[in-house]
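The block underneath contains the structure these notes are about, expressed in structure tokens.
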Amino acid sequence: MRIRATVAALSGTLALSALAVPAAQAADAPKALEAATFAAKASADASEGDTKITKVTVNGGKDIVVGTSAKKTVKIAITATDPTGIEDATALLWHGTSFDRNHIDGSMVPKSESGDCRAVNATTSTCTVTVVADPKENIYGNVLAGKWKVWTLAQGKDGDYVQKGAYATNVSVKRAARLTTNASPEPIKKGKTLTVTGALTRANWETSKYAGYTKQSVKLQYKKKGASSYTTLKTIKSDTKGNLKTTVKASADGYFRYVFAGTSTTPSVTSTADFVDVR
């Protein structure tokens, strides 16, 4: 079958072995790709007949958030249609400027050569494949944070097919973030100054550790005891090490927390709230 041959070609050229560059060699990733020889039809858009891909969903439409050690399993669902029905469909994720060996610097390739296909009706099926984002393997450097693209291929039961080098470009792979809050002193007298500290950190895929996310805007929020929602008191910026520090006047028992809205490379995160006893 054509789809298996194409995926096998991609798996042997893009693939995990070519792109799983250790952090220390991240700068040499393009060199590692020089050895890859793409199959002629695997590098660009192509089609034959009337097979169509109508929808591709990656990770349920959510960002792919990767920490420093745990693997992230990602499902890609491809919905395709053909008058004779869908035989198979598959997909992979890639990062770079164009789908060729000189411009791709990252990929997530499914281990299976074909998708798990479920018929929607006589002409349409949704096929699902699984890829893995592994900070110890294919997520080798911070340069890979941001937008990724989807290469996908679907084949009809009559042998017709359609292939897209970049069906979608709105898949975000992000560096996991952490945020803390500590309000002190506790307990505190009403009207006295309360100091609220914290830290905003995110995964560094090159060191396998969390490091401070600097110069980022973070909101300090407060919820009075018994209230149902938080109110933003002020917005401050993290320092050169990702640390947060500000002061407020203690008014009543309540909860303080920091909230980070996120960026194109880092997800939003909200700290655990710190309760303050005001006497």
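With the convex hull drawn around the C-alpha atoms of the range 195-257, the volume per residue stands at 95 Å³. Atom-type composition of the exposed protein surface of the range 58-147 places 48 percent of the accessible area on carbon and sulfur (1.4 angstrom probe).
Using θ = phi - 60° in the Karplus curve 6.51 cos²θ - 1.76 cosθ + 1.60, the 3J(HN,Hα) couplings for the range 267-272 round to x, 5, 8, 10, 6, 5 Hz; x is entered for Gly and Pro.
Taking the Cα atoms of the range 85-161, the ratio Rg/Rh between the radius of gyration and the Kirkwood radius comes to 1.06.
The separation of the range 98-158 from the range 192-218, counted between C-alpha centres, amounts to 33 Å.
Scanning residues 5 or more positions from GLY67 or on other chains, those with amide H under 5 Å from its amide H are ALA176, with H placed 1.01 Å from N in the peptide plane.
How big is D for the range 41-97, in µm² s⁻¹ as a whole number, if Stokes-Einstein is applied with the Kirkwood radius of its Cα pairs at 4 °C and 1.567 mPa s?
Details: Rh = 14.0 Å.
After rounding, the answer is 93 µm²/s.
Annotation for THR235 and PHE275: the two label points, set 7 Å from Cα along the Cα-Cβ direction, are 3.1 nm apart. What the phi angles of the range 195-208 give under the Karplus curve with 6.51, -1.76 and 1.60, with θ = phi - 60°, is a coupling list of 9, 10, 10, x, 8, 10, 10, 8, 5, 9, 6, 8, 10, 6 Hz, glycine and proline written as x.
Residues whose amide H falls under 5 Å from that of GLN216, counting only those 5 or more places apart or on a different chain, are SER238, with hydrogens built in the peptide plane. What the range 59-102 shows is 41 Å² of accessible area per residue, with the surface traced by a 1.4 Å probe over protein heavy atoms.
Tell me, what is the Rg over Rh of the range 157-279, with Rh the Kirkwood radius over Cα pairs? Could you put the intermediate results ahead of the total?
Values: Rg = 20.1 Å, Rh = 16.5 Å.
Ratio value, two decimals: 1.22.
Over all other residues within a Cβ to Cβ distance under 15 Å of LYS209, the charged ones net out to +4, with Lys and Arg as +1 and Asp and Glu as -1. Quick one: 3J(HN,Hα) in Hz for the range 226-232, Karplus 6.51/-1.76/1.60 with θ = phi - 60°, rounded, Gly and Pro as x. Coupling constants for the range 226-232: x, 7, 9, 9, 8, 10, 7 Hz. Diffusion of the range 121-194 by Stokes-Einstein, at 10 °C in a medium of 1.306 mPa s and with Rh set to the Kirkwood radius over alpha-carbon pairs, works out to 90 µm²/s.
The values are calculated or read from the model by the stated rules, or taken from the named source; none is laboratory data. The structure displayed is predicted, hence computed values, not measured ones. Because the Cβ atoms are built from the backbone with ideal geometry, glycine has one as well, and the counts that use them run over all protein chains shown. For the accessible areas, the whole protein counts, side chains as well, though only heavy atoms, and no ligand, DNA or RNA atoms are used. Shrake-Rupley method; radii C 1.70, N 1.55, O 1.52, S 1.80 Å.
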